Structures are given as structure tokens and as C-alpha cells.
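Participant: There's a structure below that I have some questions on.
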Amino acid sequence: WLKGRVRVGGPLPTYDNITHNEEEQLEKYAEEYKYPGSFGSPTPDGWIVKIQDAIAAAEKENSDIKVYFVGGQNLLPRMFQGLFFDVGLALFAIALVGAFMWLQIGSVLLCACGMFQILASFVLTLSTWKLFGNGSFTFMHGLVIYIILGVGADDIFVFTDAW
């Protein structure tokens with residue numbers, strides 16, 4: 001695969017350089033986005049939409065090309081787009097494990113208590129991590145939910161089989 005960077009931005013047309021009326025240029029650049037909440041969406045006739053249309057046309061013409069356009073004020077909407085998809089997958093996994101536990105155990109109460117135990121241990125784990133002075137939350141921390149989900153469900157199955 002090939003990685004490249006293309007700088008998009010200043011100076012905007014009719015300006016000599018990026019420091020020429022810098023505040024005015026920043027305001028014009030910010031006008032490209034209208035922020036409903038935290039997500040933001042580009043103006044329909046703005047330059048970001050034109051770039052996205054060109055990328056879509058190139059990807060449609062050749063399916064081997066995949067272009068990611070991220071940066072500046074376009075960063076947060078793209079991050080939230082990926083984050084919502086990942087959270088959806090995690091919620092689906094939690095629901096699937098809960099349904100499987102319910103079918104295997106046969107008790108809604110035990111299943112609900114088991115799922116509470118699993119989700120509470122996730123919160124407790126992250127709180128302990130933060131308490132010991134670790135402020136970062138990396139990609140690996142996002143995978144912890146699946147590990148805790150598997151180990152916690154296995155604990156419930158072992159306890160019910162031993163009982």
C-alpha cells in the first residue's frame with residue numbers, strides 16, 4: 001500500500017500567505033463546518049465536499065484504491081464515525097453473550113447478575129487503571145471489553161455447573 005500526504009489549507013485565495021490576515025483566514029476556514037453538537041458536517045458546496053466527491057469518484061473507478069481524508073476540522077467527525085461503529089460492535093457482542101448465557105443457564109436473574117458483574121468489572125478495571133496514574137486510553141484498552149466479556153461469561157458458566 002502507499003501512503004501520501006496532501007496539505008490542504010492556507011493561504012486561502014486572495015491572501016498572500018498564511019499569516020496575512022490570519023484571523024480572517026481562520027474564520028473563513030471554520031465556516032466550512034457547521035457544528036450541530038460535536039460532529040460537524042461540511043457545507044454542501046464547500047471544498048471538503050468537493051474533495052470527498054473526487055475521492056468517491058476515484059474509488060468507484062478503481063476498487064483497489066482506498067483514500068482516507070482526515071485532518072483539521074474533518075478529524076472529529078471521522079473519529080466519531082469510526083467510534084460509533086466500534087461501540088455498536090461492542091454492544092452487539094454484549095447482547096450476543098447475554099443471550100447465549102440466558103439460553104445456557106435458563107435463568108434471567110442469573111444472566112442479568114452475570115452481565116452486571118461483567119460490566120461492573122470493566123468499569124472497576126478502568127477506574128483502577130486511572131487510579132494508578134495511567135491516563136491514556138489506547139486501542140488495546142478498547143479490546144479489554146471482549147476479554148472481560150469472555151472471562152466473565154466463562155466464570156458464570158463454571159459457577160452454575162459447579163452449583
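The values are calculated or read from the model by the stated rules, or taken from the named source; none is laboratory data. The structure presented is a predicted model; accordingly, all values stated were derived computationally and were not measured. Every residue, glycine among them, receives a Cβ derived from its backbone with ideal geometry; neighbour counts consider all protein chains shown. Accessible surface is based on the protein model in full, side chains and every heavy atom, while ligands, DNA and RNA are left aside. Shrake-Rupley method; radii C 1.70, N 1.55, O 1.52, S 1.80 Å.
Participant: Could you check the range 101-125 and list, in sequence order, the residues that are touching a residue at least 12 places away in the same chain (Cβ under 8 Å), open to solvent by less than 50 Å² (accessible area, probe 1.4 Å) and within 19 Å of ALA90 (Cα to Cα)?
Facilitator: Passing the criteria: MET101, CYS111, GLY114, MET115, ILE118, SER121, PHE122.
Participant: Here is a follow-up. Scan the range 25-83 for residues that are of a type in the set (Asp, Glu) and either open to solvent by less than 90 Å² (accessible area, probe 1.4 Å) or at pLDDT below 75 (or both) and report the count.
Facilitator: 4
Participant: Given the structure, is GLY82 part of a helix (DSSP H, G or I) and closer than 30 Å to GLU27 by Cβ?
Facilitator: It is true that GLY82 is part of a helix (DSSP H, G or I) and closer than 30 Å to GLU27 by Cβ.
Participant: Of everything in the range 127-150, what is open to solvent by 50 Å² or more (accessible area, probe 1.4 Å), assigned to a helix (DSSP H, G or I) and farther than 17 Å from ASP86 by Cα? Give them in sequence order.
Facilitator: SER127, THR128, TRP129, LYS130, LEU131
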